[in-house]
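Computed from the coordinates by the stated procedures, all read-outs in this text should not be read as laboratory data. Being a predicted model, the structure only gives us computed values, none of them experimental. In this analysis, Cβ positions are derived from the backbone assuming ideal geometry, glycine residues included, and neighbour counts consider all displayed protein chains.
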Amino acid sequence: MTQKLATAIGTVLGVGYIRPASGTWGSLVALPWAWLLHVAGGWPLLLAGIVVIFVAGWWATGVMTKGKTDHDPSEIVADEVVGQWIALLPLSIGAMNNSVSMLAMWPGWVAAFALFRLFDIWKPWLVGRADRRGDPLGVMLDDVIAGIFAAIGVVLLAGLTHGVLMR
């Protein structure tokens, strides 16, 4: 029972078994769920979802990798959901603060997705450092940091677009 629950959480109900590029599929499935959380409760609910999936994913990763040499098997994509939601958080905050539909911010969605995937695959600096921990927390943290980098990129691109290019 514990193994089945951990597998359901870690693979995001089997999405992690989709090939090729299971991490990209995990990030893609995170997009509509982020929108649903935003519609249901704005950025506070999205933030709560990030915390819940982080904790559940950390636990699931520990169960799924216990006694195995591969600390980060490709089928575990709960970490991608967390990272992608972090990348989308500035859009949720902006949409809620300005009473705008989050879907109207579609360029930000594209940027959040592309930047998160870039940082998650490239693993620069702190992202790679977290990944090299070689434990379940590192599996989750590298995507958290990639999501933070992507969120910063989204904010910078929005500032450039709305503050400079659209004047």
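A simple spin-label model places the labels of Leu160 and Leu36 3.4 nm from each other, with each point 7 Å out along Cα-to-Cβ.
What full-extension length gain, to one decimal in nm, is calculated for Leu13 and Leu45 as 0.36 nm per residue of separation minus the Cα-Cα distance?
Gain in length upon complete extension: 9.4 nm.
Label point of Lys68 set 7 angstrom out along Cα-Cβ; within segment 124-159, amide nitrogens under 16 Å from it belong to 134-140. With the convex hull of the Cα atoms taken as the outline of segment 2-165, the averaged projected area works out to 9.4 nm². Cα centroid separation, segment 6-41 to segment 45-63: 12 Å.
For the chain, the Cβ-based charge dipole about the Cα centre amounts to some 80 debye (Lys, Arg positive; Asp, Glu negative; other atoms uncharged). Of the peptides 82-94, 54-66, 154-166, 16-28, the ranking by mean beta-carbon count within 10 Å, highest at the top, reads 82-94, 54-66, 16-28, 154-166.
Taking other C-beta atoms within 10 Å as the exposure proxy, Glu75, Glu80 rank Glu75, Glu80 from fewest upward. Once the Cβ-Cβ distance of Val100 and Thr24 is raised to the sixth power relative to R0 = 22 Å, the FRET efficiency obtained is 0.20. Principal axis extents of the Cα atoms in segment 32-77, from largest to smallest and rounded to whole angstrom, are 40, 17, 9. Excluding same-chain neighbours fewer than eight residues apart, the aspartates and glutamates reachable from Lys123 by a Cα-Cα span under 12 Å are Asp131, Asp142, Asp143.
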